[in-house]
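Engineer: Mind looking over this structure? Questions follow.
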Amino acid sequence: MDAASNEAWPVHRLARVSHVSEAHFARSFKQAFGLPPHRYLLTRRLERAKALLRDTALPILDIALQTGWNSLGTFGRVFHDVNGKSPSAWRAFEQAARHKLAEVPHCFVSAAYRPDITTAVSEKRRIVQAGKKGAPNKPEFS
């Protein structure tokens, strides 16, 4: 999954490759990695998208397609839900701070940019929406 995160990796495919049942694979994967297979794949796709946004001038549509998304809208929505910024806002923010990253070892940069997806994206969206109802003047991101 890491080497080809842009491909579709449904649980039945992963289980077949591993020669175990789907339920056993999903349980074992979550136990080993702390995330279900879908969230793990989402994490890897978002990591790659962030790196491409930071390090290239590729159009956002090309980045979405290269990282395994079939829809620019879905990519943008999920990216914003997880990272708090749209892909274009993320790119602008990262390019403004680019010179500082050169001083930090790559392994630390990768770990710092790894998305924290401990809840489903749709669940996170519901939590954020509930918070916005009580505090309408909160900034969306810093």
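Engineer: Looking at Asp2, Asp62 in this structure, which one is open to solvent by 40 Å² or more (accessible area, probe 1.4 Å), of a type in the set (D, E, K, R) and assigned to a loop (DSSP other than H, G, I, E, B)?
Structural biologist: Result: Asp2 is the single residue among Asp2, Asp62 that is open to solvent by 40 Å² or more (accessible area, probe 1.4 Å), of a type in the set (D, E, K, R) and assigned to a loop (DSSP other than H, G, I, E, B).
Engineer: Please tell me if Glu94 is part of a helix (DSSP H, G or I), open to solvent by 30 Å² or more (accessible area, probe 1.4 Å) and not hydrophobic (A, V, I, L, M, F, W, C). Steps first, please.
Structural biologist: Numbers: part of a helix (DSSP H, G or I): yes; open to solvent by 30 Å² or more (accessible area, probe 1.4 Å): no; not hydrophobic (A, V, I, L, M, F, W, C): yes.
No, not satisfied.
Engineer: What are the residue pairs meeting all of these: first residue in region 49-60, first residue touching a residue at least 60 places away in the same chain (Cβ under 8 Å), second residue open to solvent by less than 10 Å² (accessible area, probe 1.4 Å), Cβ atoms under 8 Å, and 6 or more apart or on different chains?
Structural biologist: What qualifies is Lys50/Glu94.
Engineer: Here is a further query. Please go through region 30-59 and pick out each residue that is small (Gly, Ala, Ser) and surrounded by fewer than 19 Cβ atoms within 10 Å (Cβ to Cβ). Even if it seems obvious, please write down each step before you answer.
Structural biologist: Within region 30-59, the first condition is being small (Gly, Ala, Ser), and the residues that meet it are 32, 34, 49, 51, 57.
Ala32, Gly34, Ala51, Ala57 - these are the residues of region 30-59 that are small (Gly, Ala, Ser) and surrounded by fewer than 19 Cβ atoms within 10 Å (Cβ to Cβ).
Engineer: For region 13-36, indicate whether the set of residues that are closer than 30 Å to Ala130 by Cα and among the aliphatic types (A, V, I, L, M) is non-empty. Don't jump to the end; show me each part of the working.
Structural biologist: We begin by selecting, within region 13-36, every residue closer than 30 Å to Ala130 by Cα; these are 30, 33-36.
Among the residues that remain, those that are also among the aliphatic types (A, V, I, L, M) are: 35.
Within region 13-36, one or more residues are closer than 30 Å to Ala130 by Cα and among the aliphatic types (A, V, I, L, M).
The values are calculated or read from the model by the stated rules, or taken from the named source; none is laboratory data. Computed from a prediction, not measured in an experiment: that's the story for all the values here. So basically every Cβ, Gly included, is an ideal-geometry build from the backbone, and we count neighbours across all protein chains shown. Surface areas here come from the heavy atoms of the whole protein model, side chains and all, with no ligands, DNA or RNA. Shrake-Rupley method; radii C 1.70, N 1.55, O 1.52, S 1.80 Å.
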